[in-house]
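Peer 1: There's a structure below that I have some questions on.
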Amino acid sequence: MMDRAMMDREGTFTGNRGLEKEEPLIFEQGSPGKTAVDLPEPPASKNRLGGLERRAPIGLPGLSEPEVVRHYLRLSQKNYGIDTGFYPLGSCTMKHNPRINEKVARLPGLGDLHPLQPVSTVQGALELIDTCAHWLKVLTGMPAVTMNPAAGAHGELVGLMTIRAALEDRGDARKRVLVPESAHGTNPATAAMCGYAVQSIPADDRGRVDLAILRERLDSDVAAVMVTNPNTCGLFENDVQEIAKATHEAGAFFYCDGANFNALVGRVRPGDLGIDCMHLNLHKTFSTPHGGGGPGSGPVVLSEALAPYAPVPYVVHGPDGATLVEKPDDSDGKPFGRIKGFHGQFGMFVRALSYMMSLGSDGLRDVSGDAVLSANYILARLQDTFRVPFPAPCMHEVLFSDRTLKGTGVTTLDMAKALLDEGFHPMTVYFPLVVNGAMLVEPTETESKESIDSFVDTMKHLAERAAAGDVKFFHDSPYLTPRRRLDETTAARNPILRWHPPSLDHAAE
Ligand SMILES: Cc1ncc(COP(=O)(O)O)c(C=O)c1O
């Protein structure tokens, strides 16, 4: 095992030392007056800006073109991304985005469209939105979909607003949403944002929703049950059909967080399981790029009961081609309104459709097979090194606890920091909260056996080093990143990192 951190301290590491240097702000570089472009002086005109002319220099940085290029390239190289290496961040599905999708998205007929173009000039684009929607409906077995939401959490909000509109329409002002502790954190946040009181449902010994407690808490005040499936422990909710039945018997709607659909695609149709509403993260399952707050895309598939309340706009086909229903009044249904500018993240629909069509239905089935196989391979190789809190097998991600690190002075956080020096993005740490010192590893279906093996070997090596008592090495890690250890004392004191729900004592190590 190459120990890059040790090699560095012994002076034999041959990485790009330049990247470890501090990068000055662009404002600290160059000199005033220097410029990358020569613009002609604007013709003199009196009172051009109506009295709002600049009174003093505004201090823009002066750099030549190569200086600008190098500055931003150096900054980009300090970043770690899926194009740089293995990125097993649990619950995030950081997988390779095939470049063919990018190529298609840049075709002039798609990339150069403007959302305000007359509908008659964008018939192909509307057809594309509709075709993408069709694939999502077929894969999920659901009759309707709204393509508008710009991210998974945005999709959750749209889903719950659709549910609220349906309930209001039948004069049913329910106030609570039930969310299992094994659900993704955005679920309770969304329910609260939508104005609902959130009631938690504990996980049972199997890491799944405690069905008996769910049944107890379901009553005529519950608007929806929100279940993440597979859940954040990387486990399939085996009782999903029972949950759907109980939810419907209570007159509530069943929301499924489908962000982890890459574990199911081509194998299970949520529509067959009794789900009313489910968002899909195109930037996870369907391989479009992730972005901080965008450009994600989170279409929501809907049951017959919810479809009329979905937001505008949506595409309809008439004798003269495709048109857009833009206003609630123009709709046959009862849309709750508009949630997003224009028609959603069109560029993401292009990429997702390119992905689906290039893989085909059999290829998409392989996606879920490979995602689950990769995670179970890691589970098999690491189960003697780290504790697996819930019985195997897992779905697309595997969860370990920190029990085997107990007494070594090394924590989950230290493991994550040491991984950075080994050239890996760490797994998700301290999430889900149902397990102490959680390490949630999601390898995805696009990683090779070699890179997974390399990660596993590193994890084993670090665990041995922790057991051998090399605590200082861990506490000082990372050594090679542009920023060394940040102020973790604040994080260590952070009660969230030490907290686990009282009801989950059985899972505490
Ligand atoms: C299970 C689950 N639900 C919801 C979300 C939220 O999606 P987004 O980050 O697109 O808002 C994520 C994000 O990865 C997720 O993993």
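The values are calculated or read from the model by the stated rules, or taken from the named source; none is laboratory data. Treat the numbers as computed from the prediction; the structure is a model and nothing was measured. So basically every Cβ, Gly included, is an ideal-geometry build from the backbone, and we count neighbours across all protein chains shown. The area values use the complete protein model at the heavy-atom level, side chains included, leaving out ligands, DNA and RNA. Shrake-Rupley method; radii C 1.70, N 1.55, O 1.52, S 1.80 Å.
Peer 1: Net charge around Phe253, counting only other residues with Cβ within less than 10 Å of its Cβ (Lys, Arg = +1; Asp, Glu = -1)?
Peer 2: Every neighbour counted, the sum reads +1.
Peer 1: What order, most packed first, do the peptides 269-276, 208-215 have when packing is the mean number of other Cβ atoms within 10 Å of each residue?
Peer 2: Most protected by this proxy first, the peptides run 269-276, 208-215.
Peer 1: Helix check for the chain. Which DSSP H runs span at least 30 Å along their own axis by Cα, with a mean Kyte-Doolittle hydropathy no less than -1.0?
Peer 2: 346-382
Peer 1: Can you check how the C-alpha radius of gyration of the chain compares to 2.2 N^0.38 Å, as a plain ratio?
Peer 2: Taking the Cα Rg and dividing by 2.2 N^0.38 Å, one obtains 1.09.
Peer 1: Take the alpha carbon atoms of region 177-287, find their radius of gyration, then divide it by 2.2 N^0.38 Å using N residues; give the quotient.
Peer 2: 0.98
Peer 1: Which listed residue (Ala263, Ile378, His290) has the Cα farthest towards the positive end of the charge dipole for the chain, taking +1 on Lys and Arg C-beta and -1 on Asp and Glu C-beta about the Cα centre?
Peer 2: Result: His290.
Peer 1: How large is ³J(HN,Hα) for each residue in region 298-304, as worked out from phi by the Karplus curve 6.51 cos²θ - 1.76 cosθ + 1.60 (θ = phi - 60°), to whole Hz, x for Gly and Pro?
Peer 2: x, x, 10, 8, 9, 7, 3
Peer 1: Tell me which residues come under 5 Å, amide H to amide H, from Glu326 once H is placed; ignore anything under 5 positions away on its chain.
Peer 2: Distant-sequence amide H within range of Glu326: zero hits.
Peer 1: Quick one: net charge of Gly333's neighbours, Cβ under 13 Å, K/R +1, D/E -1?
Peer 2: The answer is -3.
Peer 1: Tell me the label-point distance for the pair Ala392, Leu486, using the 7 Å Cα-to-Cβ offset, in nm and rounded to one decimal.
Peer 2: 3.4
Peer 1: Region 291-345: which chymotrypsin sites (Phe, Trp or Tyr not before Pro) are DSSP loop and have at most 14 other beta-carbon atoms within 10 angstrom?
Peer 2: Counting only loop positions with at most 14 other Cβ atoms within 10 Å, the chymotrypsin sites (Phe, Trp or Tyr not before Pro) in region 291-345 are Phe342.
Peer 1: Given a Förster radius of 51 Å and the C-beta distance between Lys327 and Leu39 as r, what FRET efficiency does 1/(1 + (r/R0)^6) yield to the nearest 0.05?
Peer 2: About 0.75, to the nearest 0.05.
Peer 1: Taking H placed 1.01 Å from N in the peptide plane, check which residues at least 5 places from Ile201 or on another chain put their amide H under 5 Å from its amide H.
Peer 2: Under 5 Å from the amide H of Ile201: Val179, Glu181.
Peer 1: I want to check the label-to-label distance for Arg365 and Asp112. Put each point 7 Å from Cα in the C-beta direction and report it in nm to one decimal.
Peer 2: The answer from the label model is 4.1 nm.
Peer 1: Now for a different question. Averaged per residue, what accessible surface does the chain expose to a 1.4 Å probe, in Å²?
Peer 2: 47
Peer 1: Which value, in Å² rounded to 10, gives the accessible area of Val138 with a 1.4 Å probe and all protein chains present?
Peer 2: 80
Peer 1: Out of the total accessible area of region 301-365 (probe 1.4 Å, heavy atoms of protein only), what percent is carbon and sulfur?
Peer 2: On region 301-365, the fraction of accessible area on carbon and sulfur atoms equals 52 percent.
Peer 1: Give, as a single signed number, the net charge of other residues whose beta carbon lies under 12 Å from the beta carbon of Ser64, with Lys and Arg counted +1 and Asp and Glu -1.
Peer 2: Around Ser64, the charge tally is -1.
Peer 1: Based on the Cα coordinates of region 361-501, what is the per residue volume of their convex hull in Å³?
Peer 2: 123
Peer 1: Past the 18 angstrom mark, what percentage of all C-alpha to C-alpha distances in region 101-209 do you count?
Peer 2: For region 101-209, the fraction of Cα-Cα distances above 18 Å is 67 percent.
Peer 1: Oh, and also: Using the Cα atoms of region 101-356, I'd like the radius of gyration and the largest Cα-Cα distance, Dmax, both in angstrom.
Peer 2: Here Rg and the maximum Cα pair distance are 18.0, 58 Å.
Peer 1: Given Cα pairs under 8 Å that are at least 6 residues apart, what percent is the relative contact order of the chain?
Peer 2: 18
Peer 1: Could you sort the peptides 435-447, 416-428, 223-235 by per-residue average Cβ neighbour count (10 Å cutoff), highest mean leading?
Peer 2: Descending packing order for the listed peptides: 223-235, 435-447, 416-428.
Peer 1: Heads up, I need the accessible area for Lys406: 1.4 angstrom probe, whole protein in place, Å², nearest 10.
Peer 2: Taking all protein chains as shown, Lys406 has close to 110 Å².
Peer 1: Right, next: Add -39500 (n - 2.57) for each DSSP H run of 4 or more in the chain, then divide by its residues: what number comes out at 222 nm, to the nearest 500 deg cm²/dmol?
Peer 2: Calculated at 222 nm, the ellipticity per residue is -10500 deg cm²/dmol.
Peer 1: Here is a follow-up. Asp457 to Tyr72: FRET efficiency via 1/(1 + (r/R0)^6), r the Cβ-Cβ distance, R0 35 Å, to the nearest 0.05?
Peer 2: FRET efficiency, Asp457 to Tyr72: 0.50.
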